[in-house]
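These notes are about the structure you will find just below.
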Ligand SMILES: Nc1nc2c(c(=O)[nH]1)N[C@H]1C(S)=C(S)[C@@H](COP(=O)(O)O)O[C@H]1N2
Ligand SMILES: [Mo]
């Protein structure tokens, strides 16, 4: 099992795979190249069943998904994570789950994934700066996990923390953000079936620049909520102070629901550009809740989403 969370493929050199339908065939090739890395339990762990929550929009290529990233621990340019994230060691990764739970514990990835239902989910990730990508994630519902640790009735929020590795993350040397990167969701948002913890994309282990070995994906919110390389999950009765919110509270709210009617103070959020499309292509109108209103809008009934941005 030692090889399971190794991520030593050079992802930027992997051929782009725009043809999602043929991915199983491509996978056989990739597994062979990786020399058994994907054999055995890994194959089972990655090949999730298709999810009804997927969009049928055109999917971005692996090349695009792994070369235009935000992961400030590895630098603040979109090209930095692809350059520097290979330094992150994900072997023996552990996640602490604590706070208001019956069974606080530290989990290995193998234990964490034991018995969870992995699904293939094609989700749109919408960045606050007006770009979007469609990514075929492999992941599992948060509810799977929270039910296992026994969430106490007093818990109202779920707080996430990213690894803080001075020796592996060059971005930590500069104080652009307050490390470790911290995010949070209201408990009902965390339990919503759209919310997943992702462990792979394109049926392969998560590339480091996308948040290996495990990251959050919350598709109706701006990208910064989808925290990468998680080492700690804490149940709390208080709304946490999250990284971007602490830095610029006027610009980045706790909720961060995609909302074309609430502009970022420095730019409009009404339209977006799909990464990989022509720079001159017409920007498309952004949809409320990133197009996922049917599944999530009810959680905000009666809330003023201009105030709770
Ligand atoms: N730990 C951590 N998680 C993070 C970030 C980060 O800088 N550090 N950036 C966020 C932002 S702003 C975005 S848009 C998404 C980008 O995810 P992607 O690179 O997989 O597309 O990751 C989010 N998760
Ligand atoms: Mo972002």
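Key figures for this structure:
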item: Positions within region 71-97 being in a loop (DSSP other than H, G, I, E, B) and crowded, with 19+ Cβ neighbours inside 10 Å, in sequence order; result: 71, 75, 88, 90, 93
item: Flag for residue 135 being buried (at least 21 other Cβ atoms within 10 Å of the Cβ), within 19 Å of the chain's Cα centre (by Cα) and assigned to a strand (DSSP E or B); result: yes
item: Options 177, 172: the member that is more than 10 Å from ligand 1 (Cβ to nearest atom) and either in contact (Cβ under 8 Å) with a residue 40 or more places away in the chain or assigned to a strand (DSSP E or B) (or both); result: 172
item: Test set (1) surrounded by fewer than 20 Cβ atoms within 10 Å (Cβ to Cβ); (2) within 13 Å of ligand 1 (Cβ to nearest atom); (3) at negative phi - residue 107 fails condition number; result: (2)
item: Filtered residue count, region 43-60, keeping only those that are touching a strand residue (DSSP E or B) at 6+ places or on another chain (Cβ under 9 Å), more than 14 Å from residue 202 (Cβ to Cβ) and either in a helix (DSSP H, G or I) or modelled with pLDDT under 50 (or both); result: 1
item: Long-range neighbours under 6 Å by Cβ, at least six apart or interchain, first residue touching a residue at least 24 places away in the same chain (Cβ under 8 Å) within region 262-274, second loosely packed, with under 11 Cβ neighbours inside 10 Å and assigned to a loop (DSSP other than H, G, I, E, B); result: 262/306
item: Some residue of region 241-255 being more than 22 Å from the chain's Cα centre (by Cα) and over 18 Å from residue 177 (Cα atoms); result: no
item: Among (1) buried (at least 24 other Cβ atoms within 10 Å of the Cβ); (2) farther than 19 Å from residue 132 by Cβ; (3) out of contact with any strand residue (DSSP E or B) (no Cβ under 8 Å at 6 or more places or on another chain), the one test that residue 199 misses; result: (3)
item: Residue 274 vs. criteria under 24 Å from residue 190 (Cβ atoms) and under 21 Å from the mean Cα position of the chain (by Cα); result: no
item: Selected residue (only one of 174, 108, 154 is out of contact with any helix residue (DSSP H, G or I) (no Cβ under 8 Å at 6 or more places or on another chain), more than 16 Å from ligand 2 (Cβ to nearest atom) and at pLDDT below 95); result: 174
item: Qualifying strands (runs of 3 or more DSSP E) (wholly inside region 190-308; at least 1 residues being more than 15 Å from ligand 2 (Cβ to nearest atom) and closer than 21 Å to residue 50 by Cα); result: 196-201
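The values are calculated or read from the model by the stated rules, or taken from the named source; none is laboratory data. Because the structure is predicted, anything quoted here is derived from the model rather than measured. Glycine also receives a Cβ, built like all others from the backbone with ideal geometry; neighbour counts cover every protein chain displayed.
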